[in-house]
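Attaching a single structure in structure tokens format; questions to follow.
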Amino acid sequence: MEESAYIGGVIVCLGYLIVAARLALLGAKTREMPEQLLAVTFLLWGAAYACWQLPLVSGDDSIFAPLYAAGRLLTDAGTIASAFFLRLVFRPNSRVATGLVAGIAIGLALGVAGSGWVGDWASIDPLGNPWWWVEWSAVTVSVAWIGVEGFHHYGTSKLRRRLGLCSALDCNRYLLWGLSGAIWVVYELVYAIQQIEFKATGVFSASLDAIASLLEVVPIILIWFIFIPPAAYQRWIARSDAHPAAAED
């Protein structure tokens, strides 16, 4: 279990941090908030994975609880930044989106405070800590929102692409964004099952751990193709574009 979790965690950590650096440089150049919010999101998520990998690297179980708790707080902070990004980019004038951002932030805050109140600071006890589910629900809603926006805008961009108003690469980016959100939702479901299994039996099943690792790594690959697309991939997508002079990347 630890070996696959370690390898997957390192890949995810490095993937987030590299994309965060790329977006931070872009944000410094454009001085636009969306790039900066995404850079913060991926930086915090990458830092969270670094916290979770340190106990495995060092072999020191005594630092597991504080670092796991720190990683959880970093993840929650990144989730809030992600929600602000989604509202700013996809629903800037929507009261529903504003309420959704507030709901996600409140759910995360209640989950953290409630877990601390019952003594589960690391938030690893879904069977004995009802606040675990509040925090988990807020995270799951946030990644589901990513999927919804990605698939919705993929559908609308396909029409614009047929009219020559959107490039094939941009259209594909929406699809990958939606797939990332959908996979993250499935990961959260598997993660919940894993935590319940561990609290009930004291062990993680190798099969579930392998699935969870795959569900963590695949979205990172998709994120790379969205924000740092390889030249060969761009050429492959461009060949399917009936309007090569459409909106530039």
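Hey, what D do you get for region 114-249 in µm²/s if you plug the Kirkwood alpha-carbon radius into Stokes-Einstein at 25 °C and 0.890 mPa s?
144
Would you calculate a helix-derived [θ] at 222 nm for the chain, using -39,500 (n - 2.57) for each DSSP H run of n ≥ 4 and dividing by the full residue count, to the nearest 500?
-29000 deg cm²/dmol
Could you work out which residue, out of V185, V148, V139, moves most in a Gaussian network model of the chain, that is, has the largest mean-square fluctuation with Cα springs under 10 Å?
V148
Follow-up. Using only C-alpha positions, report the orientation-averaged shadow area of the convex hull of region 160-207, nm², one decimal.
Projected over every direction and averaged, the Cα hull of region 160-207 covers 4.3 nm².
Hey, another quick one. Which cross-chain or sequence-distant (5 or more) residues have an amide H under 5 Å from the amide H of S167, H modelled 1.01 Å from N in plane?
Amide H neighbours of S167, under 5 Å, 5+ apart: A247.
Might you report the magnitude of the Cβ-based charge dipole of region 2-248 about its Cα centre, with Lys and Arg at +1 and Asp and Glu at -1, to the nearest 20 debye?
Here the size comes out at about 1340 debye.
Carbon and sulfur atoms: what percent of the 1.4 Å accessible area of the chain do they account for?
C and S atoms contribute 70 percent here.
What whole-number value in cubic angstrom gives the convex hull volume per residue for the C-alpha atoms of region 89-151?
81
For the chain, what is the largest minus smallest coordinate of the Cα atoms on each principal axis, given in angstrom and ordered from greatest to least?
57, 40, 32
Nothing charged except the Cβ atoms of Lys and Arg (+1) and of Asp and Glu (-1): what's the magnitude of the dipole of region 107-183 about its Cα centre? Round to the nearest 20 debye.
Computed charge dipole of region 107-183: roughly 700 debye.
Cα gyration tensor of region 1-133, axes a ≥ b ≥ c as square roots of the eigenvalues: rounded (a/c below 1.5), prolate (a/b > b/c) or oblate?
Because a/c hits 1.5 or more and a/b fails to exceed b/c, region 1-133 counts as oblate.
For the chain, find the longest principal axis of its Cα atoms and tell me its angle to the long axis of helix 2-30, 0 to 90°, nearest 10.
40
If the elastic network links every pair of Cα atoms under 10 Å, which of D120, D61, D76 fluctuates the most in the Gaussian network model of the chain?
Evaluated over the chain, the most mobile residue of the options is D61.
The values are calculated or read from the model by the stated rules, or taken from the named source; none is laboratory data. Since we're looking at a predicted model, the values are computed, not measured. Cβ coordinates were reconstructed from backbone atoms using ideal geometry, including for glycine residues, and neighbour counts include every protein chain displayed. Note: areas computed on protein heavy atoms with side chains; ligands, DNA, RNA excluded. Shrake-Rupley method; radii C 1.70, N 1.55, O 1.52, S 1.80 Å.
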